[in-house]
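Take a look at the structure set out below.
The values are calculated or read from the model by the stated rules, or taken from the named source; none is laboratory data. Keep in mind that what you see is a predicted model, and the values were worked out from it rather than measured. Quick reminder, even Gly has a Cβ in these numbers, built from the backbone with ideal geometry, and neighbours come from all protein chains shown. All accessible areas refer to the heavy atoms of the entire protein, side chains included, with ligands and DNA or RNA removed. Shrake-Rupley method; radii C 1.70, N 1.55, O 1.52, S 1.80 Å.
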Amino acid sequence: ATRFLVAPPWHLLPGRRNAGSPSCCDEVMARLCFLIKGHNIIDFCAILPFFIRLLPSSPLSSQSPFLMILRLTRIFRLFKKSRSNEAVVILSGTLVGSYRLLAMMCYVMMIAVVVFSTFIYIIERGQYFYCSTAAALQKPPLC
């Protein structure tokens, strides 16, 4: 656990420089540029609720909606890991290759839903008696 807490700030510190290595400022800037990349921000948001709960005077409880949304960012980490999974790569390639057929299928399905829901509305439509407020307040009520 200590390695997990100490490792992120430790990697920001510049390392030992050799004669041919870039300057210290270039190395720190390269590391900061690495930190602000999208997948690293997602990783940071995924572990942020843990650090917020460690604060003794944290105004956010563990069931706070803000923390729950931050916890959902853990799902986005799966997208990062799915790039190396061969089955996911094959599936995504198949979906991208057949997007026109899938779009046509969704279009036809939406048309079918609209048509059949219209039929059901027409068939189940009845005659309803609507009671006015004045009729409902009379003694005895008329409706």
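The table below gives the values:
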{"read-out": "Length released on extending from Leu142 to Ala30, taking residue separation times 0.36 nm less the Cα-Cα span", "value": "32.3 nm"}
{"read-out": "Accessible area (Å², per residue) of the stretch 85-125, counting only protein heavy atoms and a probe of 1.4 Å", "value": "95"}
{"read-out": "Simple spin-label estimate for Cys106 and Ile52 in nanometres, 7 Å along Cα-Cβ", "value": "3.2"}
{"read-out": "Rg/Rh (Cα only; Kirkwood hydrodynamic radius) as it applies to the stretch 85-125", "value": "1.35"}
{"read-out": "Share of carbon and sulfur in the accessible heavy-atom surface of the stretch 85-125 [1.4 Å probe, %]", "value": "78"}
